[in-house]
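Please read the structure below before turning to the comments.
Every read-out reported here was derived from the displayed coordinates using simple, explicitly stated rules and does not represent laboratory data. Keep in mind it's a predicted model, so treat the numbers as computed, not measured. Neighbour counts are summed over all protein chains in view; Cβ atoms, including those assigned to glycine, are modelled from backbone coordinates with ideal geometry.
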Amino acid sequence: MNLLADVPFIIALFEYPFLRYAIIAGMIMGFVTPLIGSFVIIRRLSFIADTLSHFSLAGLSIGLFLINVLGFTFIGSPLYLAIISAVIGAFIIEILRGYYQNYKEISMPIVMSLGTALSALFIGLSGGWSSSIYNFLFGSLLTVGQEYVGIISIVSAFVLLLIFIFYKQIVLVSFDEAYAKLVGVKIRTFQFVSTLVLALIVSLSIVTVGVLLVSSLMIIPVAAAMKVGKSFRNTITISIIFSEISVVAGIWLSYELDIATGATIVLINIIILFLVGFFKRFYVNKRIREQKKEIQTK
């Protein structure tokens, strides 16, 4: 039951800090995730977001075990261990991709299996399922606080700075590794950097939409934007717009209807994807056919 149901969303936004934190955190992630997702799709690593999110869950479950069972309260939040485990998972993936040169994709199922096994083990040791585990699985954006907003602001600023400084190199490595190597770009270094950046964003996105839905926040807006984008930069811009719309609309609907925020955001992303696909297929293609007929009649 939504105890704030009688308070309009706009008014609640100014009266209740948790709602402001949710909007700020959601919009930051809504900007950064499709930006990273664009490079992930170009590198054909869409599955890596799911892999790292499951490995992050291992860090979260270990954190809950250390805090709740062993009493290591100095850790503060299990989110810190999620970030560390995501970074470790990213390095393991890149090491395995280098080891299995001809079968690079098998690195992700290996890491995902390890993360899932560790998660199951430490969730059991922590006393089984709890509301904290449920929130990490499906997201709980409306429970975020000032600390989380501070963390994602710092990490997102760091990520954006890296992309700004190394944009050309990252794009070059993503599109054409052979040419990048030819012009002197250190391929392995930038692969590690891009995967590290991805790990940081994935681990923080868990709070927004949860482990099971994190890849959707990163991939679906880009997939929709690819249908209408005219260039790579244009696709990134459109994907960010789609993502921000889904985040704001998702938080608003989840507040008004008292439903899960992460799931609502993802469903809105899916609706946008279908609408864009419908528009592309029936409207744009129709105009192209009409233009062809006009040319033929002339």
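Only sites in a loop by DSSP and with at most 10 other Cβ atoms within 10 Å count here; which trypsin sites (Lys or Arg not before Pro) in segment 1-93 make the cut?
none
Label separation (L96 vs E177): 1.6 nm, computed from points 7 Å beyond Cα along the C-beta direction.
According to the square roots a ≥ b ≥ c of the eigenvalues of the Cα gyration tensor, what is the shape class of segment 9-219, taking rounded for a/c under 1.5, prolate for a/b larger than b/c otherwise, and oblate for the remainder? It comes out oblate by the Cα gyration axes. Taking A263, A12, A49 in turn, the Gaussian network model of the chain (Cα-Cα springs below 10 Å) assigns the largest fluctuation to A12.
In terms of the Cα gyration tensor, with a ≥ b ≥ c the square roots of its eigenvalues, is segment 18-140 rounded because a/c is under 1.5, prolate because a/b exceeds b/c, or oblate? Since a/c reaches 1.5 but b/c is at least a/b, the shape of segment 18-140 is classed as oblate. Between K104 and V7, the modelled labels are 5.0 nm apart [label points 7 Å from Cα along Cα→Cβ]. Under the classification rounded if a/c is under 1.5, otherwise prolate if a/b is larger than b/c and oblate if not, where does segment 27-79 fall, given a ≥ b ≥ c as square roots of the Cα gyration tensor eigenvalues? Oblate is the answer for segment 27-79, as a/c is 1.5 or above yet b/c matches or exceeds a/b. Annotation for segment 208-256: trypsin sites (Lys or Arg not before Pro) lying in DSSP loop with at most 11 further Cβ atoms inside 10 Å of their Cβ are K230. The charge dipole of the chain, taken about its Cα centre with unit charges on the Cβ atoms of Lys, Arg (+1), Asp and Glu (-1) only, comes to about 1620 debye.
Neighbours of L172, meaning other residues whose beta-carbon lies under 15 angstrom from its beta-carbon, give a summed charge of +4 when Lys and Arg score +1 and Asp and Glu score -1. Label separation (F158 vs E15): 3.8 nm, computed from points 7 Å beyond Cα along the C-beta direction. Counting neighbouring beta carbons within 10 Å and listing from fewest to most, the residues T143, T261, T33, T195 come out as T143, T195, T261, T33. For segment 1-80, applying the loop criterion from DSSP together with a ceiling of 16 other beta carbons within 10 Å to the chymotrypsin sites (Phe, Trp or Tyr not before Pro) yields F47, F72. Cross-link pairs exceeding 28 Å in C-alpha to C-alpha distance, out of K104/K181; K186/K280; K104/K186; K168/K227; K186/K227, comprise K186/K280; K186/K227. Here's the picture: charge each Lys and Arg Cβ at +1 and each Asp and Glu Cβ at -1 in segment 9-219, and of L118, S156, Q169 the one pushed furthest to the positive end of that dipole is Q169.
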